[in-house]
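What follows is a single structure, written as C-alpha cells, with notes after it.
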Amino acid sequence: MVQQQQQDEQSAVKRIKFTQDMTAKLMVWFNECKAQGLFSSSKRKDYGTAWETVFLKCVEAWPRYPWNKEAIANKYNSERKRFVAWKTLLAYSGVSYDWAAHLPVASEATWQQFFARYNTSSRSILWLRNQPLGDERVYESVFWREMATGEHIFEAGDATQRVLVEFSQRDTQDLSDGPGSSDSGRDNSLMLDSESSEDEVIHSEASQAISQRSSAAPASARRLTPAQQRRRETDPDITPASGSQPAVTVPPSNQRRSRDSTTESEAVVMGRSMREAAAIIAGLPGARDLALAVEDLQAEFVGKISGEEMLFCCEYLRKEPMMAAMWLKLSPEIKRLYVERWKIGPLE
C-alpha cells in the first residue's frame, strides 16, 4: 500500500497540461453545467457551483494532476477567448468556413490584417489558421452570450466607400486580457442596433415637437419666460403699480416665426441625415446575408413554428452576424436543430 502511494506521488505532475481530448471533455462538462442553469447569471462570481462540478469530474478523470477550482475557471475563460477570436474572424467579410477541416478559409491579405489587429505578445491567435477550435456546436452553446468583436473588412472593391461598424464596449482588449479577467457587465449589443433605435426616438420626438409648436396658443396667451419674469420683477420701467397689470413686452410675431423656422429646418436636416444613414446601413457588410438568411428561414419554417418563435429566430440572426452569414450553407437538419434551440426565447 505504501509502495503504491509512493508510485502515485512520483507519477503526479506539478502543472496541468491540457490535451485536445481533455479540453473537449471539459467543454462537454461546461455544456452540461449550462444546461443545468449554472451559467444563467451574467456575473462570473456566480459560477462557483459550475467550477466545483467540473473540478470534481476532473479529479475523478485525471487524478494525477493538481486540480483546483481556479484552474477550471481559468480554462473556461481561456476557451471563451479562443471562441471570441474564432467568431471575430468568421465575422469578417470574405471569410468562409471549411466544415470538413473545421478551419476558416480566408485570403492572405485578410489573415495578415486580422493578425496585425488582434495578435499580441501576451495572447497569440495564430492557431486560428491551422488548429480547429473544437466542436463548434458545443462552443456556441457554452458561450451563447459571446459575439464577434472589432471591425468588418470590406472587399477590395469597396475600399473607397469604407464604413466601419464598431461593436460597443469591447475591442481588442477582449482578445488580450489575462486569464483572470472578469467579463461581467459586458454589453454585447451592436452600436448599429442601438443607434437605429435612438434615431427613431429622436425623429419621433422632433416631429412631435414641431406638431406641438404649430398648434401652440397665440403669444399673448403664453406664460412668461424666466427672463421675462425676472425683467418684470426688477425693471423699474415695467414694474406695475399696485393693482395694475404689467406691460410685459412680448417678442414680435416675426421673431417667433424665425425661431420656429429654425427648429423646423433642424428637424428637416435630421430627417435627411437619418434617411442617408438608412441607405448606408442597407449596404453594410452582412446586411445582405441577414436578409437572405431571414428569407430562407421563413421559407423553411413558416407554418412549422409559431409567429412568436419565428420572431425569436429572426432576432437571433440579427444579433449574430456570423450565424446569418453561414445559415444558407447549413443542411436542413442542422437548421432545424438551431431553430429548436432559438425558439425557446430571445437572447439574454
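None of the figures in this text is laboratory data; all of them are computed from the coordinates on show. None of the values given here were measured: they were computed from a predicted structure. All Cβ positions, even for glycine, are placed from backbone atoms using ideal geometry, and neighbour counts span all protein chains on display.
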Exercise. Over 32 Å between Cα atoms, which of LYS17/LYS319; LYS17/LYS329; LYS43/LYS304; LYS43/LYS87 qualify?
Worked result: LYS17/LYS319; LYS17/LYS329; LYS43/LYS304
Seminar exercise, completed: Given 290-298, 316-324, the highest-first ranking by average Cβ count within 10 Å works out to 316-324, 290-298
For this session: Quick one: which residues, 5+ away or cross-chain, put their amide H under 5 Å from the amide H of ASN68? H built at 1.01 Å from N.
Result: none
For this session: Just order 100-110, 126-136, 80-90, 50-60 by mean Cβ neighbour count inside 10 Å, highest at the front, would you?
Result: 80-90, 50-60, 126-136, 100-110
Seminar exercise, completed: If the chain between GLU315 and SER41 were fully extended at 0.36 nm per residue, the gain over the current Cα-Cα distance would be 96.5 nm
For this session: Would you kindly give the portion of the calculated P(r) for segment 287-342 that falls above 15 Å, as a percent of all Cα pairs?
Result: 38
